[in-house]
Amino acid sequence: MNVDYSLGEVQKVARLATKAINSDIILLSGEVGVGKTTLIKEILRTLKVNDNVNSPTFSIINEYITRDKKIIYHIDLYRIKTIDELHSIGFFEYLDSKNLCFIEWGDIIEEILKVDYNKFLIVKNQNFRSIKMIK
């Protein structure tokens, strides 16, 4: 998947990304303000999450439940500085849960992941974004 889109097309991109996902662990990468959280919000709507989806920048992990009672985790690793911090919050247990885990700033754990995952890279250009599924 490799798509250029405007912010008005985020719903369409969310549907395409949702169809492309084939792992429980989804990493999203891109610079600050590129739209990682916005895309995850739309993907969670596509997956029938009714709750108000917020950025987990300060809470680090938000949990959501779909209409059919599936659990989805939205994790933001921006403030994490060491692997020890991940252990102290039980991060790896979330990955082992078999629930969907959307992880912003996932690049910092990519080298230590021992499981399959999908990775999306979002790049901001002047009037549009590009999203590419790397893995």
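To the nearest 500 deg cm²/dmol, what mean residue ellipticity at 222 nm is calculated for the chain from DSSP H runs of n ≥ 4 alone, each contributing -39,500 (n - 2.57), summed and divided by the residues?
Dividing the helical sum by the residues of the chain leaves -7500 deg cm²/dmol.
How high is the relative contact order of the range 2-135, in percent, counting Cα pairs under 8 Å that sit 6 or more residues apart?
Relative contact order of the range 2-135: 36 percent.
Among the trypsin sites (Lys or Arg not before Pro) in the range 3-71, which ones are in a DSSP loop with at most 15 other Cβ atoms within 10 Å of the Cβ? Mind listing them?
Counting only loop positions with at most 15 other Cβ atoms within 10 Å, the trypsin sites (Lys or Arg not before Pro) in the range 3-71 are K48, R67, K69, K70.
Please list, or write none, the lysines whose alpha carbon is within less than 29 Å of the alpha carbon of K98, excluding same-chain residues fewer than 8 places away.
Of all the lysines, those that pass the test against K98 - Cα under 29 Å, at least 8 places apart if same chain - are K12, K19, K36, K41, K48, K69, K70, K81, K114, K119, K132, K135.
Taking Cα atoms, how many degrees apart are the long axis of helix 10-20 and the longest axis of the chain, rounded to 10 and kept between 0 and 90?
Roughly 60 degrees, rounded to the nearest 10.
Would you please give the FRET efficiency between K135 and K19, computed as 1/(1 + (r/R0)^6) with r the Cβ-Cβ distance and R0 = 25 Å, to the nearest 0.05?
For K135 and K19, the calculated efficiency is 0.95.
Rounded to the nearest 10 degrees, what's the angle between the helix 36-46 long axis and the longest principal axis of the chain, both from Cα atoms, 0 to 90?
90
What does the extension gain come out to for K70 and N125, with contour length at 0.36 nm per residue minus their alpha carbon separation?
Gain on extension, K70 to N125, equals 16.3 nm.
In nm, to one decimal, how far is the V115 label point from the T57 one, both placed 7 Å along Cα→Cβ?
Going by the 7 Å Cα→Cβ label model, 2.7 nm.
The numbers here are math on the coordinates, done by the rules we state, and not lab data. This structure is a prediction, so every number in the text was calculated from the model and none was measured. No Cβ is skipped: glycine too gets one built from the backbone with ideal geometry, and neighbour counts run over all protein chains shown.
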